[in-house]
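What follows is a short report on a single structure.
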Amino acid sequence: MRLKRFGSKKRPYYRIVVMDSRQAPSSKTIDEVGQYHPVENKEKQVIVDAAKVKSWLAKGVQPSATVKQLLNKQGITIDRTVQE
């Protein structure tokens with residue numbers, strides 16, 4: 001699980017996507033689970049589908065360091081011991 005960059009120069013926004021780690025960052029994604037807008041207000045910065053994120057984490061997907069921080073701010077903990 002990592003960020004995929006979109007947007008124009010100096011106005012970036014990112015999609016939080018599930019991808020194969022061996023693929024290029026611009027390649028096809030498996031699933032899109034949220035968005036991150038770093039230049040927006042605090043309330044609108046991160047939009048996440050918590051159910052999708054939890055199901056992918058239960059399947060063993062490893063988030064990147066930045067995605068892990070964003071999920072922790074949203075209250076979604078990365079706990080590998082709990083299986084749904």
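Quick note: the coordinates plus some simple rules give every number you see, no bench work behind them. This one's a predicted model, so the numbers in the text were calculated from it and none came from an experiment.
Tabulated results
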read-out	value
Note, ³J(HN,Hα) from phi for segment 67-74, Karplus 6.51, -1.76, 1.60, rounded to Hz, x at Gly and Pro	5, 4, 5, 4, 5, 5, 5, 8
Difference of contour (0.36 nm per residue) and Cα-Cα distance, LYS28 to ARG11	3.9 nm
Value of relative contact order over the chain, rounded to a whole percent, pairs C-alpha under 8 Å and six or more apart	24
Amide hydrogen neighbours beyond the local backbone of VAL33, cut-off 5 Å, H modeled	ILE16, VAL17, VAL18
Under Karplus coefficients 6.51, -1.76 and 1.60, residue-wise ³J(HN,Hα) of segment 30-39 in Hz, glycine/proline x	7, 7, 9, 10, x, 9, 9, 10, x, 9
Exceeding the 18 Å Cα-Cα cut-off - candidates LYS4/LYS28; LYS10/LYS52; LYS4/LYS68; LYS42/LYS73	LYS10/LYS52
Residue of LYS68, LYS42, LYS28 that the Gaussian network model of the chain assigns the largest fluctuation, springs spanning Cα pairs under 10 Å	LYS42
Value of D in µm² per second that Stokes-Einstein yields for the chain, Kirkwood Rh from Cα pairs, at 4 °C (1.567 mPa s)	97
